[in-house]
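Some notes on the structure that comes next.
The values are calculated or read from the model by the stated rules, or taken from the named source; none is laboratory data. Remember, it's a predicted structure, so these values are computed and weren't measured experimentally. Cβ atoms come from the backbone with ideal geometry, glycine included; neighbour counts cover every protein chain shown.
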Amino acid sequence: MANSLSHLDAKGKARMVDVGAKAASERVAVARGRVLLSSKTLDLILEGQMPKGDVLAVARVAGIMAAKQTSSLIPLCHPLSLSAVNVDFRPDRDKGALEIEARVKTVDRTGVEMEALTAVSVAALTIYDMCKAVERDMFIDSIRLVEKMGGRSGYFQREGEEKWGES
């Protein structure tokens with residue numbers, strides 16, 4: 001069984017996969033998540049009235065920085081040279097949510113799914129941190145890969161996800 005898993009060696013020890021023989025190609029990954037919160041808190045965020053400052057600007061930068069640090073946070077991820085990281089937000093008043101989307105690009109030998117997921121996760125945590133003085137019962141939810149392009153496994157799009165457009 002250990003030999004069939006790419007992150008384990010023949011003795012079952014964790015290892016970083018050797019991607020040196022793979023050709024570099026363009027890779028893109030899009031991840032999303034959301035923070036569930038009250039309409040009052042959402043209004044304060046959108047109006048720039050949170051006590052800690054501009055929540056969306058800080059969360060955007062935090063997400064970008066997190067994508068760039070993914071290999072330091074996730075033990076078996078390769079350090080990658082990212083060509084673009086975009087983090088965007090979409091309020092959803094009907095669901096009481098602030099949706100987060102991260103789009104990450106590279107030209108490299110391995111994909112950027114983990115970088116996109118990390119960007120969304122840290123952006124969501126930053127939103128929580130900046131809003132917790134106003135609302136403690138926020139909920140981080142639905143962090144997922146929604147689209148992936150490039151590499152050996154090709155194209156993937158999660159069923160039921162609408163496109164936000166290019167960031």
Note to self: For the structure I just gave you, tell me whether Glu161 is in contact (Cβ under 8 Å) with a residue 12 or more places away in the chain, charged (D, E, K, R) and in contact with a helix residue (DSSP H, G or I) (Cβ under 8 Å, 6 or more places away or on another chain).
What the structure shows: no
Notebook entry, point to check: Is it the case that some residue within segment 107-125 is in contact (Cβ under 8 Å) with a residue 40 or more places away in the chain, in contact with an Asp or Glu (Cβ under 7 Å, 6 or more places away or on another chain) and within 19 Å of Val19 (Cβ to Cβ)?
Noted result: yes
Check: Do we find that Ala97 is among the small types (Gly, Ala, Ser), buried (at least 19 other Cβ atoms within 10 Å of the Cβ), more than 20 Å from Ala29 (Cβ to Cβ) and over 15 Å from the mean Cα position of the chain (by Cα) in this structure?
Finding: yes
Margin query: One residue is enough: does segment 69-89 have a residue meeting the conditions surrounded by fewer than 20 Cβ atoms within 10 Å (Cβ to Cβ), of a type in the set (Asp, Glu) and out of contact with any Lys or Arg (no Cβ under 9 Å at 6 or more places or on another chain)?
Written below: no
Next item on the list: Kindly list the number of the only condition in (1) closer than 17 Å to Glu135 by Cβ; (2) touching a strand residue (DSSP E or B) at 6+ places or on another chain (Cβ under 9 Å); (3) surrounded by fewer than 20 Cβ atoms within 10 Å (Cβ to Cβ); (4) at pLDDT 95 or above that fails for Val58.
Entry: (2)
Note to self: Conditions first: (1) under 20 Å from Leu42 (Cβ atoms); (2) hydrophobic (A, V, I, L, M, F, W, C); (3) over 17 Å from the mean Cα position of the chain (by Cα). Val87 passes all but one, so which condition is the exception?
What the structure shows: (3)
Margin query: For the list (1) among the basic types (Lys, Arg); (2) within 28 Å of Glu113 (Cα to Cα); (3) surrounded by 11 or more Cβ atoms within 10 Å (Cβ to Cβ), I need the number of the one condition that Lys13 fails.
Written below: (3)
Checklist line | Residue among Ala124, Ala102, Ala97, Ala116 that alone is in contact with a strand residue (DSSP E or B) (Cβ under 6 Å, 6 or more places away or on another chain), of a type in the set (A, V, I, L, M, F, W, C), under 26 Å from Ser6 (Cα atoms) and at pLDDT 95 or above | finding: Ala116
Checklist line | Whichever residue in segment 12-44 is under 30 Å from Glu159 (Cβ atoms) and among the charged types (D, E, K, R) and, among such residues, is farthest from the chain's Cα centre (by Cα) | finding: Lys22
Check: Can you name every residue in segment 138-156 that is at pLDDT below 95 and in a loop (DSSP other than H, G, I, E, B)?
Finding: Gly150, Gly151, Arg152, Ser153, Gly154, Tyr155
